[in-house]
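The values are calculated or read from the model by the stated rules, or taken from the named source; none is laboratory data. These figures come from a predicted structure and were not determined experimentally. All Cβ positions, glycine included, derive from the backbone under ideal geometry; neighbour counts span all protein chains shown.
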Amino acid sequence: MKKLTILLIVIASLLSNVSMIQAQKRTETKQITIREKKVVISYIQQGQGDTALLFLHGWCIDGKYWKNQVDYFSKNYNVFAIDLPGFGKSAAERTNWTIEEYANDIIAFIDTMNLKHVVIIGHSMSGEIMLQTALTNNHKIVGIVGIDNFKLIDVVFTPEQLKQMNDFFPMLEKDFKNSAPAYADLMLFHPTTSKEVKDRVKTDFANSDSVIGYETLMKQMQYSYNDAQRLEQLDYKLYLINNDGFPTNETGLKKHCKNGFQVEIISATGHYPMIEKPAEFNLILEKVLKGMK
């Protein structure tokens, strides 16, 4: 009897190890070369299904910020979380870091991977990338969800706010390693944001390529000046999951989103709700995805 018990324990241990190995394989980082071999995309893929969820991270972070979402949604969807070129482990042979170039990367990734029924989920800076990608009217894209973006449509900044922004950019260009984390501390966290999240974000900011980091922010700012006009051309309903730390100007969205919009609020988080409140965030996103059908 004792030998049988030991044998069962050994078998259970082996099965557990096999399950761990299989789980590791499912979340293994892969790479694909696109756009005439000039762009390398590092990505995580998990799950299967007719609908593909394509998660795009924000400024100066990477696809690993979506780990909770990859695990959760892979039960029912074919889920991808990529590193945008210039961040994480993705790279590109170019000096032009515009929103349009990033959108071209996303379309090339979708086409090369032969994805169908794609919902793009774009955080922060990737809201603009998502928008530009959607404006190509690629028939493979069936929906778009912005995460903490498009909050300032038709908002007019005060002279003091404009001065603060204009003063910040030269500081960022001169000393990116210190200025970028300082910006995160000042603008991107909630009083309840954990030290772990703050340290993770600030470390990723500080370790980003300073030239690419500066250029992408400047190009995003330039692109965002015409967000309202581009939203008028959008053939999709715009879904947003935004925190309430800074209000979303729904009046502006109502004026410009000709195909409608829907804002879901997640309270008491900073700019990174997917890692600050992953369980609540996942339920909200699940609701949004079900509402698209």
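Which ones in the stretch 136-177 are among the aliphatic types (A, V, I, L, M) and more than 21 Å from residue 217 (Cα to Cα)?
141, 142, 144
Determine whether residue 100 is surrounded by fewer than 18 Cβ atoms within 10 Å (Cβ to Cβ), under 19 Å from residue 224 (Cβ atoms), over 11 Å from the mean Cα position of the chain (by Cα) and modelled with pLDDT of 95 or more. Don't jump to the end; show me each part of the working.
Values: surrounded by fewer than 18 Cβ atoms within 10 Å (Cβ to Cβ): yes; under 19 Å from residue 224 (Cβ atoms): yes; over 11 Å from the mean Cα position of the chain (by Cα): yes; modelled with pLDDT of 95 or more: yes.
When the stated conditions are applied, residue 100 passes them.
Of all the helices (runs of 4 or more DSSP H) wholly in the stretch 240-293, which have at least 2 residues that are out of contact with any Ser or Thr (no Cβ under 7 Å at 6 or more places or on another chain) and crowded, with 21+ Cβ neighbours inside 10 Å?
273-276, 278-292
Here are the criteria: (1) out of contact with any Pro (no Cβ under 8 Å at 6 or more places or on another chain); (2) over 17 Å from residue 60 (Cβ atoms). Tell me which single one residue 151 does not satisfy.
Going through (1) out of contact with any Pro (no Cβ under 8 Å at 6 or more places or on another chain); (2) over 17 Å from residue 60 (Cβ atoms) one by one, residue 151 breaks only (1).
Quick one: which residue in 152, 115 is more than 17 Å from residue 46 (Cβ to Cβ) and aliphatic (A, V, I, L, M)?
On the way: 115 fails: more than 17 Å from residue 46 (Cβ to Cβ).
Selected residue: 152, the only one of 152, 115 that is more than 17 Å from residue 46 (Cβ to Cβ) and aliphatic (A, V, I, L, M).
Need the failing condition index for residue 293 against (1) in contact with a helix residue (DSSP H, G or I) (Cβ under 9 Å, 6 or more places away or on another chain); (2) farther than 27 Å from residue 179 by Cα, just the number.
(1)
Residue under question is residue 198, and the condition is that it be within 20 Å of residue 281 (Cβ to Cβ), under 19 Å from the mean Cα position of the chain (by Cα) and surrounded by 15 or more Cβ atoms within 10 Å (Cβ to Cβ); does it hold? First the steps, then the outcome.
On the way: within 20 Å of residue 281 (Cβ to Cβ): yes; under 19 Å from the mean Cα position of the chain (by Cα): yes; surrounded by 15 or more Cβ atoms within 10 Å (Cβ to Cβ): yes.
Yes, satisfied.
Quick check on residue 237: is it of a type in the set (D, E, K, R), surrounded by fewer than 17 Cβ atoms within 10 Å (Cβ to Cβ), in contact with a Phe, Trp or Tyr (Cβ under 9 Å, 6 or more places away or on another chain) and at pLDDT 95 or above?
So residue 237 passes the test.
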